Amino acid sequence: MLARISFDNNPTVLFQHVAACWEEARGANAFPARTDIRPSKLASALPYVSLLELIPGDPPDFLYRLMGQHLIINAGQNITGMRSSQLPASTPNGRPIYQSYVDCIRSGQVQQRMSSIINLNGTARTIHWSVWPLAADGRTPDGLLGSALYTDA
């Protein structure tokens, strides 16, 4: 049985855990595929995790394939199945978060940021987030593994 990890409002511990799972999943590839990410390895981090699919275009769009419960509760709405283009820019999935997605896809580099936001139901929150690139072919980013921790603003 896997030990439960407590993140206790500590984004560093959360991001280290998710990063270790991402590193293990990628093996010898530059990036792991979405199918390489094992929920059993993420365990305690699952409420804080998201999986996004790149929708190519100019500008690129992102489909929220999976959202953990911590993210759903703190975003103010379940946005699973929605595209980033469907969300208002002032929401937690607005410009700063969207830009980190684009930067991660274009650079192939992990992005880690923090921002004060107003969520979809009008609550002020602070969000700490990281996104890691995913690639079905192991080389060209086509998705994202995200992790976020919301705290009181």
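Read the figures in this text as sums done on the coordinates, not as results from a lab. Being a predicted model, the structure only gives us computed values, none of them experimental. Heads up, the Cβs are rebuilt from the backbone with ideal geometry, glycines too, and the neighbour counts pull from every protein chain shown.
With label points built 7 Å along Cα→Cβ from the Cα atoms of N121 and I72, find their separation and express it in nm.
Going from the N121 label point to the I72 one covers 1.3 nm.
Which shape class, rounded, prolate or oblate, goes with region 53-134 when its Cα gyration tensor gives a ≥ b ≥ c as root eigenvalues, a/c under 1.5 marks rounded, and past that a/b bigger than b/c marks prolate?
prolate
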